[in-house]
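*Asks:* Can you keep this structure in mind? I'll have questions shortly.
The values are calculated or read from the model by the stated rules, or taken from the named source; none is laboratory data. Bear in mind the structure is a predicted one, so any value in this text is a computation, not a measurement. Cβ placement follows ideal geometry from the backbone for every residue including glycine, while neighbour counts extend to all protein chains displayed.
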């Protein structure tokens with residue numbers, strides 16, 4: 001089975017080489033003057049519908065995203081736990097079912113709480 | 001001599017032959033590396049022409065939906081349009097904004113391309129035609145699939161463009177929210193198949209034991225379809241590059257080949273999503289039983305991928321884009337509770353399957369009917385019970401006070 005992971009490594013090398021090759025090809029085309037290169041200040045400006053850029057870009061952002069990240073971490077751990085449970089479910093049988101109902105119930109309480117606290121609203 | 005004895009029917013046998021020949025005639029490590037490189041080439045031979053075809057198909061079909069003609073000048077029916085576009089992208093000037101964060105800006109397209117290709121490692125195109133038959137295939141798929149968000153965020157952050165930054169923030173929020181129902185919908189399939197290996201999951205759907213999982217997992221398929229289209233930025237849920245709101249999203253500032261790489265990565269992951277859907281819910285390489293004799297498994301599989309791609313285009317042409325508050329509420333209040341319910345229902349059913357004395361065919365038909373009824377009931381009941389409040393403009397206090405519509409509150 002470890003050998004199969006080695007195949008993934010080989011595909012990873014291909015997957016890195018392919019986009020690099022595309023960018024290098026494009027760069028080489030620039031070297032032999034097929035691709036134009038005529039930088040100018042207006043062209044290098046940030047696109048803002050045609051008007052000059054106003055103020056910094058990297059500013060403070062909406063706090064909502066932080067709530068979502070917290071909720072995501074909790075539920076993602078749940079899914080990580082669900083995968084091995086699902087594979088072993090036929091052996092665990094009724095015990096596994098009861099255990100998972102308890103586990104999901106605890107998380108659902110959390111979801112309901114977040115819902116009641118309006119953490120799921122987007123304002 | 002049967003047609004099924006030929007290499008073209010079982011492409012995986014080529015690999016076996018090459019491996020056995022090399023282990024007999026050459027150094028030991030070549031028997032390991034050469035088949036892998038052959039497999040990678042075979043994968044690219046499928047992917048690259050598919051890229052060109054898929055872009056052409058999408059533009060033609062969308063044109064037909066909108067009663068236009070679509071590309072029809074370059075080559076017969078405009079077939080060569082994508083090739084010409086690729087050449088154009090290669091030979092276009094590379095413009096980088098002055099204030100851009102250089103290295104993340106340059107790395108983002110490459111980083112985005114890698115997971116799009118890596119996803120294909122575990123997808124079985126035929127009985128022994130998976131590039132790497134991992135025993136944790138589905139977990140690998142989920143893990144690699146969620147890497148694309150990093151590239152989107154890198155691109156959006158590094159461009160120093162406000163639209164791109166909004167897109168980057170949105171992409172993290174949307175992809176993170178849709179990741180959970182996406183993964184939860186898969187659990188039902190794992191419960192039925194009892195394995196994470198994609199080859200085993202397809203084997204479990206052969207006509208001998210179970211039928212295709214769409215018959216017993218309609219709700220999971222619906223949830224997976226919606227979340228998959230959010231993960232690969234298809235139109236009803238593609239707030240990451242909603243062109244009416246934020247220009248082109250994270251790739252606003254990209255031009256030339258770097259934009260091309262984003263484009264290719266996007267279509268590659270759409271095809272991957274189609275492949276995963278046909279593997280998990282539509283029997284993978286299995287076809288119509290009496291035709292399987294004549295048509296090789298890998299053609300069945302590729303045909304399914306293209307059919308699903310057409311469905312994605314259809315949804316894009318038909319459905320309007322959602323607002324971000326609707327989209328987030330839909331994931332957290334609708335998809336996640338329903339997918340949790342689906343897991344519990346499926347778990348109970350699997351227990352009943354193991355302890356029943358009924359004939360499998362009767363039992364599966366019964367389950368299919370029950371599951372479809374339950375899916376319809378749950379969807380209707382849940383959307384009735386937790387409907388979003390409909391806000392007419394007359395109900396908003398500011399509107400009544402001012403006697404006019406207020407400016408839309410910003411909700412990026």
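*Asks:* All but one of (1) surrounded by 13 or more Cβ atoms within 10 Å (Cβ to Cβ); (2) more than 9 Å from chain B (Cβ to nearest Cβ) hold for residue A:105, so report the exception by its number.
*Replies:* Of the numbered conditions (1) surrounded by 13 or more Cβ atoms within 10 Å (Cβ to Cβ); (2) more than 9 Å from chain B (Cβ to nearest Cβ), the odd one out for residue A:105 is (1).
*Asks:* Which residue pairs have Cβ atoms under 8 Å apart, sit 6 or more places apart or on different chains, and have a first residue in the stretch A:50-70 that is more than 9 Å from chain B (Cβ to nearest Cβ) and surrounded by 10 or more Cβ atoms within 10 Å (Cβ to Cβ) and a second that is modelled with pLDDT under 75 and part of a loop (DSSP other than H, G, I, E, B)?
*Replies:* A:67/A:119
*Asks:* Tally up the residues in the stretch B:98-114 that are more than 8 Å from chain A (Cβ to nearest Cβ) and crowded, with 24+ Cβ neighbours inside 10 Å, please.
*Replies:* Total meeting the criteria: 2.
*Asks:* While we're looking at this one, here's another question. Filter the helices (runs of 4 or more DSSP H) completely within the stretch B:315-391 down to those with at least 3 residues that are within 30 Å of residue B:65 (Cα to Cα). Please lay out each step first, then the result.
*Replies:* Working: elements: B:324-329, B:336-354, B:360-385.
Counting at least 3 such residues, we get B:324-329, B:360-385.
*Asks:* Also: Residues in the stretch B:24-38 that are assigned to a helix (DSSP H, G or I), surrounded by 11 or more Cβ atoms within 10 Å (Cβ to Cβ) and more than 11 Å from chain A (Cβ to nearest Cβ): how many? Reasoning before the result, please.
*Replies:* Taking the stretch B:24-38 first, the residues assigned to a helix (DSSP H, G or I) are B:24-25, B:30-38.
Add one more test, that the residue is surrounded by 11 or more Cβ atoms within 10 Å (Cβ to Cβ), and what stays is B:30-38.
Going one step further and asking which of them are more than 11 Å from chain A (Cβ to nearest Cβ), we end up with B:30.
Counting residues in the stretch B:24-38 that are assigned to a helix (DSSP H, G or I), surrounded by 11 or more Cβ atoms within 10 Å (Cβ to Cβ) and more than 11 Å from chain A (Cβ to nearest Cβ) gives 1.
*Asks:* Quick check on the stretch B:83-92. Is at least one of its residues in contact with a helix residue (DSSP H, G or I) (Cβ under 6 Å, 6 or more places away or on another chain), facing chain A (nearest Cβ under 7 Å) and within 23 Å of residue B:43 (Cβ to Cβ)?
*Replies:* Yes: one or more hits.
*Asks:* If you take the residues in the stretch B:259-298 that are at pLDDT below 85 and assigned to a helix (DSSP H, G or I), which one is nearest to the chain's Cα centre (by Cα)?
*Replies:* Once the filter is applied, the top-ranked residue is B:298.
*Asks:* Name the single residue that is nearest to residue A:85 (Cα to Cα) among those in the stretch B:115-136 being part of a loop (DSSP other than H, G, I, E, B) and within 12 Å of chain A (Cβ to nearest Cβ).
*Replies:* Taking the stretch B:115-136 as the starting set, the residues that turn out to be part of a loop (DSSP other than H, G, I, E, B) are B:123-136.
If we keep only those that are within 12 Å of chain A (Cβ to nearest Cβ) too, we end up with B:123, B:130-136.
Numbers: B:123: 23, B:130: 25, B:131: 27, B:132: 24, B:133: 21, B:134: 18, B:135: 15, B:136: 13 Å.
Among those that are part of a loop (DSSP other than H, G, I, E, B) and within 12 Å of chain A (Cβ to nearest Cβ), it is B:136.
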